[in-house]
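*Asks:* Quick one: the structure is below, questions incoming.
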Amino acid sequence: MIRLPSEPVERPLVGAIAALSLARGMFFAVSALYFTRTIGLSAVTVGIGLTVAGGVGVLTTYAGGRLSDRWGADRVQLWSMASYGIALLAYALARDVVAFLVVATWVSASRGFQSSAQSTLIARWFEGPDRVAVRARLRVVMNVMIGAGTLLAALALAVDTAAAYRGTMVLVGLLTTVAALPLVGLRRRVAGLGRRMDAGSDPAVATGPSPLRDRTYVTATVLTGVMAIHFGVTSIGVPLWVADHTDAPTVLVSLLLVVNTVYVALFQVRASRGTHDIVTAGRAVRGAGFLLLGSCVLFAAAAQVGPAVATGVLVLAALASSAAETRGEAGSWGLAFELADPQRAGAYQGVSQMGYALAHMLAPLAVTATAIDHGTGGWLVLGSVFAVTGILTALLARHAAAARGEPQRSEYVASETPV
């Protein structure tokens, strides 16, 4: 399923993302238990600490884009990845709430720099449809390897001891640090990379107007952040809803995650076709919004029926949510790349990644305060927010394309991907 590409920049990126995502899958599976059972923190303390750290991550995400323009995205990507790995290793040394908060902030800051640098590297090296296509292929790698990491972490969950969880955290840190190795000496190995990466270091470019003053781009980033809250539905809302509010077996949570992983692996690249066009990208996000509304309705309905029917309804909801993910991400990438000033790719990609960082920070609260706390009504509110956001994104994309004098493409183009 994962083929090593021949392109000299995409190939090391695939290696780095594969190792990083394997580590993330393991981290997602054991981190909550490690923080509470091994370090001894309360769930509330963990939640507050990660939210504070997430706020720092939002700031470093923007700073990472600006630094990528000044110092070169390849360099920022390398050193932030190494810092990310060392920070995760430091979790194994945390023994109290202060140490946890310091390390969590370090982890979040490093992740912010890394994500912006990666997007900037892709924006500066690749062109047109290749940028979205590369992002799509990297996302397939990410999803598959996160799934593999989750399976590996099952060993620690089966042993269920402090030593097993601490050992897993050490392995997570080591794998993330190793993820930096394919990026070492990249500009020496790839002819012309240094020139592309340093294109934004000119003082006239670096001191230009802030992308935060670009109202179209900032609005697109905010809308993307709202849509990205749906990742919290998958990681937080669905497990809590299935276990506590439906008659479906709790083990179904794992199956739904597998459904998501397989769907993204099969259809993400196909869903990205054509989304380098601004209008097509907006329509893709609009379609994702309606699919998310449908999935929220299905999740709510699953609480009203018996175990067998609930299982079928939840699988349908997971499929709709996965289809929304592939379309929404493809559209968001297209807008983030095509609406940006190519001369200041780092600053613009830093702003774009801020939307995801904000969603990562706010999604737990947004999902629990709506769907989990208020049941059917909450699911409908959440789904309606996604649908309205999709509509607004399509309108924004159409307006931006018209302002640039770009031709309107057929509605058929945005409907090529399967549900």
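What follows draws every value from the coordinates through simple rules; no lab data is involved. Given the structure is predicted, the values throughout are model-derived calculations rather than measurements. Note that each Cβ is placed from the backbone with ideal geometry, even for glycine, and that neighbours are counted across all protein chains shown.
*Asks:* For Phe35, Phe299, what ranking results if the residue with the fewest other Cβ atoms within 10 Å of its Cβ goes first?
*Replies:* Details: Phe35 25, Phe299 28.
Going from least to most buried by this count: Phe35, Phe299.
*Asks:* Then there's this: Going 7 Å from the Cα of Ala99 in the Cα-to-Cβ direction, what parts of the stretch 139-170 have a backbone nitrogen less than 17 Å from that spot?
*Replies:* Of the residues in the stretch 139-170, 162-170 have backbone N under 17 Å from the label point off Ala99.
*Asks:* When the chain is fully extended, how far beyond the present Cα-Cα distance does Leu151 get from Ala43, taking 0.36 nm per residue of separation? Let's see the in-between values first.
*Replies:* Numbers: separation 108, 0.36 × 108 = 38.88 nm, distance 2.39 nm.
The Leu151-Ala43 span can extend by a further 36.5 nm.
*Asks:* Show me the helices of the chain, taken as full DSSP H stretches, that run 18 Å or more along their long axis by Cα and average 0.0 or above in Kyte-Doolittle hydropathy. Don't skip to the answer; put the middle values down first.
*Replies:* Working: long enough: 10-33 (35 Å, 1.25); 43-71 (40 Å, 0.73); 73-90 (25 Å, 0.75); 97-125 (42 Å, 0.83); 129-159 (46 Å, 1.19); 162-178 (24 Å, 1.33); 215-228 (19 Å, 0.92); 252-271 (27 Å, 1.81); 278-301 (35 Å, 1.55); 307-338 (46 Å, 0.75); 345-367 (32 Å, 0.78); 373-404 (44 Å, 0.84).
Answer set is 10-33, 43-71, 73-90, 97-125, 129-159, 162-178, 215-228, 252-271, 278-301, 307-338, 345-367, 373-404.
*Asks:* With labels modelled as points extended 7 Å from the Cα through the Cβ direction, what inter-label distance (nm, one decimal) is found for Ser254 paired with Gln343?
*Replies:* Placing both labels 7 Å beyond Cα along the Cβ direction yields 5.5 nm.
*Asks:* So for the chain, averaging the separation of alpha carbon pairs under 8 Å that are six or more residues apart and normalising by length, what relative contact order in percent results? The partial results should precede the final answer.
*Replies:* Details: 751 pairs, mean separation 101.9, N = 419.
Computed value for the chain: 24 percent relative contact order.
*Asks:* Quick check on packing: order 261-274, 63-76 by the mean number of other C-beta atoms within 10 Å, highest mean leading. Before the final figure, lay out the partial values.
*Replies:* Values: 261-274: 20.2, 63-76: 24.6.
Taking the mean over residues of other Cβ atoms within 10 Å, the ranking is 63-76, 261-274.
*Asks:* If each of Arg270 and Ala243 carries a label point 7 Å out from its Cα toward its Cβ, how far apart are those two points in nm?
*Replies:* Label-label distance for Arg270 and Ala243, simple model: 3.4 nm.
*Asks:* Still on this structure, please answer the following. Points 7 angstrom from Cα along the Cβ direction at Ala403 and Arg215: gap in nanometres?
*Replies:* 0.8
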